[in-house]
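Working notes, beginning with the structure itself.
The values are calculated or read from the model by the stated rules, or taken from the named source; none is laboratory data. Computed from a predicted structure; not experimentally measured. Note: ideal-geometry Cβ built from the backbone for every residue, glycine included; neighbour counts use all protein chains shown. With ligands, DNA and RNA removed, areas are computed over all heavy atoms of the protein, side chains included. Shrake-Rupley method; radii C 1.70, N 1.55, O 1.52, S 1.80 Å.
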Amino acid sequence: MQEFFHSVRLDKDKCKGCINCIKRCPTEAIRVRNKKAKIISERCIDCGECLRVCPHHAKKPIYDHLDVLNRFEYKIALPAPALYAQFNNLDDVDVLLNALLEMGFDEVYEVAKAAEIVSDTTRKLIEEGNLKKPIISSACPAVTRLIRVRFPSLIQNVLPLNAPVELAARLSKEQAALRTGIAREKIGAIFISPCAAKVTAAKMPLGTEQSEVSAVVAISEVYPKLLHFMKEIKEPQDLSQAGKIGVNWASSSGEASALLNDNYLAADGIENVIKVLEDLEDEKLENIDFIELNACNAGCVGGVLTVENPYIARTKLKRLRKYLPVSLNHIEQIPNEVRWDTDLEFSPVMELDSNVEKALSMLGRMEEIEESLPGLDCGSCGAPSCKALAEDVVRGFATTDDCIFRFRENMTSLFNDLHKLEGYIPSSFKNEKGEEE
């Protein structure tokens, strides 16, 4: 089985065995066994939902730290548009970009710039009319992986374009190598990320064999250091090369509205995303041209590696947009760097068995077990639902006695049987008072 890299990990020492995480996982990738949570690696999509809901901070994000800059001869900062929404009273993006240079980066390439190129490319592809509609954005790696493992029939609807951060890494490295003469492998493209899923996307990319993103650091780690350097910037250089369209990608509906086509749908929050995908799978959304889906509430500004409340961040973004042009990046021809190198493939991690006949037999047994369970989906058994427990039983990972209600019924039945047995004890085994010896 393929080894999976994950940017969301479990700290068993902090885990108390509560069931908050199992109820919110969109792919039912978490179980609680022996008073500890367990993440089923092949099912996890690194959406970060468990990070949000764990009251004991037993889930933690994995990302690179700023000392990763020391690994490269030439360092390029790739700031996510969501980074701009973290600061109070920011009316000049150049102040922020110059502060990144003061931090130790040699160059800044805005992911918002690459986002405008992706938007322009998407508009052209829609005009060509060769994509299956509704087209689903491929920008959120958690959503793309969700489709890959849970909604295989929708894979053909996914936009076959690299996310803006991947395009930014490719273009910035290529240009820096030509300009400086430094070997490409000595150039580091460091993404400043709002979410953990982007870390996974850099390690195990979709649509390409290998990502050009050299490392991913968290906005939450960069933020306090940037505050210090931003205060020192008095006359910033003109570095910004993106407008409203690129910066808008930080919040929900930003990508979709950049298509200049009102026939779109945008949803954020993993539960809402799943509802939309289910409706799409049931062919309820055939008249929509484009669907933008973000796993995080409010879009990328709601990522688990940010510092600001996502809705406050979105308000800050609106204020910042007043000072920006509409767009600064357009293309005559679609660049090769923006297209996927490989096709998106179904990952059958939800299948009961590769053998169809055996899988159908297991499914029948699973339905029988589920029917015998109370249907409360309480999670007390350590699985997120009665259906999930039935699946675990069929797979051999659990028993029906893990259901506390079934266990109580069995114990009550056993207790009643013991009382019945009392009446059958031979008199020779009783004392003079009629009690059992």
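Within the shell defined by Cβ-Cβ distances under 13 Å, the residues around I192 carry a net charge of 0, with Lys and Arg each +1 and Asp and Glu each -1. With contacts taken as Cα pairs under 8 Å at a separation of at least 6 residues, the chain carries a relative contact order of 20 percent.
Candidate cross-link partners of K231 among the lysines, defined by an alpha-carbon separation under 19 Å and a same-chain spacing of 8 or more, comprise K316.
The stretch 156-216 and the stretch 307-335 have Cα centres spaced 20 Å apart.
Under a Cβ-only charge scheme (Lys and Arg +1, Asp and Glu -1), can you give me the dipole magnitude of the stretch 193-344 about the Cα centre, in debye to the nearest 20?
Roughly 1160 debye for the stretch 193-344.
Only helical runs count toward this figure. For the chain, summing -39,500 (n - 2.57) over DSSP H runs of n ≥ 4 and dividing by all residues gives -11500 deg cm²/dmol at 222 nm. Legend: distances between Cα atoms for K12/K113; K23/K284; K16/K275; pairs beyond 29 Å are K12/K113; K16/K275. Modelled this way, with points 7 Å down the Cα-to-C-beta line, the labels at E42 and Y323 are 5.1 nm from one another. A Förster radius of 41 Å combined with the Cβ-Cβ distance from D13 to E127 puts the calculated FRET efficiency at roughly 0.15. Note on the chain: with charges restricted to the Cβ of Lys and Arg (+1) and Asp and Glu (-1), its dipole about the Cα centre is near 1180 debye. In a Gaussian network model over the chain where Cα atoms closer than 10 Å are linked, find which of T400, T412, T315 has the largest mean-square fluctuation. Sorting by GNM fluctuation, first place goes to T412. The stretch between Q237 and K60, if pulled fully straight at 0.36 nm per residue, gains 60.0 nm over its current Cα-Cα span. Rolling a 1.4 Å probe over the protein heavy atoms of the chain, with every protein chain left in place, gives an accessible area that is 47 percent carbon and sulfur.
Mind checking the angle between helix 310-321 and the chain's longest principal axis? C-alpha axes, 0 to 90 degrees, to the nearest 10. That helix lies at roughly 10 degrees to the long axis. With the whole protein complex present, M362 retains an accessible surface near 30 Å², based on a 1.4 Å probe.
Per-residue surface analysis assigns L178 an accessible area of about 150 Å², computed on protein heavy atoms at 1.4 Å probe radius. Around the amide H of D11, modelled in the peptide plane, lie the amide H atoms of K59, K60, all under 5 Å away and 5 or more residues distant in sequence or on another chain. Each Lys and Arg adds +1 at its Cβ and each Asp and Glu adds -1 at its Cβ; summed about the Cα centre, the stretch 4-126 shows a dipole of about 1560 debye. Simple rule: put +1 on each Lys or Arg Cβ and -1 on each Asp or Glu Cβ in the chain, find the dipole, and look at L320, P26, N416; the Cα lying farthest toward the positive end is L320.
Computed from the Cβ-Cβ distance with R0 of 25 Å, the FRET efficiency linking T315 to R52 stands at 0.75. In this simple spin-label model, placing a label point 7 Å from the Cα along the Cα-to-Cβ direction at both I155 and E73 gives a separation of 4.0 nm. Near the amide H of N162, within less than 5 Å, lie the amide hydrogens of R339, W340, all on another chain or at least 5 residues away, with H placed in the peptide plane. Residues in the stretch 245-366 average 53 Å² of solvent-accessible surface per residue, probe 1.4 Å, ligands and nucleic acids excluded. Of M366, P348, P384, which is farthest on the positive side of the dipole of the stretch 335-386, counting Cα position, with +1 on Lys and Arg Cβ, -1 on Asp and Glu Cβ, and the Cα centre as origin? Working it through, the farthest residue towards the positive pole turns out to be P384. Computed over the chain with a Gaussian network model linking Cα atoms closer than 10 Å, the most mobile of N410, N157, N20 is N410. Figure note: K132, K316, K275 ranked by solvent-accessible area, largest first, 1.4 Å probe, ligands and nucleic acids not counted: K275, K132, K316. Among L101, G17, N336, which residue has its Cα positioned farthest towards the positive end of the charge dipole of the chain, with +1 placed on the Cβ of Lys and Arg, -1 on the Cβ of Asp and Glu, and the dipole taken about the Cα centre? Highest projection toward the positive end goes to L101.
To the nearest 10, the accessible area of V95 is 30 Å² with a 1.4 Å probe.
Roughly what angle does helix 219-232 make with the longest principal axis of the chain, taking Cα atoms, 0 to 90 degrees, to the nearest 10? Its long axis makes an angle of about 30 degrees. Once the Cα atoms are used to define both axes, helix 386-395 deviates from the longest principal axis of the chain by about 80 degrees. Take each peptide in 251-262, 192-203, count the other Cβ atoms within 10 Å of every residue, and average; sorted highest first, the result is 192-203, 251-262. On the principal axes of its alpha carbon atoms, the chain extends 104, 49, 40 Å, with the longest extent given first.
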